[in-house]
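This report refers to the structure that appears directly beneath it.
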Amino acid sequence: LATGLLCLSLLGCALAGSRPPTTYDLIAPRSFAGAAKPAQWQLLVNEPTAVSSLDTSRLMVRPKADQISYYKGIAWGDRLPRLVQTRMIETFQNSGAVKAVSASTGQYALATELRAFQIDVSSGPAAAEIDIFAKLINTSTGRVVASKGFSARVAAKSDAPGDAMAALNQAFTEVLQDTTAW
């Protein structure tokens, strides 16, 4: 009984000492240059595909070109692909680029692939790198009607988490504004 109580008290101490991670979010752009007439069709925004190193809630850092690491004690508010999908939908809604946008139905689907979404420190000062490849697909025929890659690299003030997130949000804004204009 004494051993059991000791184990329970040690477990309580261990749990009390662990802190939840600092959680960050992405911000959807609200301003867009040159408002064009919205497309008169509904857009389905699929959840982006990603390699397992990006299909996570952890914030990636690339210390070397061929090495992956993550910030300790830092997390996204959701899995990165799900978070990107949510902010893409919000961006298209904010832009007015299409008549309607959703995650469930549409005449055209936006299928994207996250190719890079990290802080790169491999070649000098910290920089946010985002690379997203997009395909616009006619949902009734399954035919790809257009495809294009979108990328941005934004220098961070430092590799500290707050500075890294500011740079990632700026790069993400650039990529999303380019995507909605496309």
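The values are calculated or read from the model by the stated rules, or taken from the named source; none is laboratory data. As the structure is a prediction and not an experimental result, all values here were calculated from the model. Cβ: placed from backbone, ideal geometry, glycine included. Neighbour counts: every protein chain shown. Heads up: the accessible areas ignore ligands, DNA and RNA and are worked out on the full protein's heavy atoms, side chains in. Shrake-Rupley method; radii C 1.70, N 1.55, O 1.52, S 1.80 Å.
A few notes on this one:
- Largest to smallest accessible area among 99, 72 [probe 1.4 Å]: 72, 99
- Excluding same-chain neighbours fewer than eight residues apart, the lysines reachable from residue 148 by a Cα-Cα span under 28 Å are 37, 64, 99, 135.
- Sequence-distant residues sharing a close amide H with residue 115 (under 5 Å, placed H): 131, 132, 133
- If the convex hull is drawn through the Cα atoms of the chain, its volume per residue in Å³: 159
- Portion, in percent, of the accessible area of the chain that falls on carbon or sulfur, probe 1.4 Å: 54
- With a simple spin-label model that places each label point 7 Å from the Cα along the Cα-to-Cβ direction, the separation between residue 113 and residue 18 comes to 3.6 nm.
- Label point distance in nm, residue 122-residue 25, each placed 7 Å from Cα along Cα→Cβ: 3.2
- Surface accessible to a 1.4 Å probe, residue 78 within the full protein complex, Å²: 70
- Other residues whose C-beta falls under 10 angstrom from the C-beta of residue 115 contribute a net charge of -3, scoring Lys and Arg +1 and Asp and Glu -1.
- FRET efficiency for residue 140 and residue 49, using Cβ-Cβ distance with R0 set to 25 Å, rounded to 0.05: 0.70
- Each of the peptides 38-51, 137-150 was scored by the mean count of other Cβ atoms within 10 Å over its residues; in descending order, highest first, they stand as 38-51, 137-150.
- Residues of the chain: accessible area per residue with a 1.4 Å probe, Å²: 55
- Its residue count N sets the reference 2.2 N^0.38 Å, and the alpha-carbon radius of gyration of the range 130-182 equals 1.48 times that reference.
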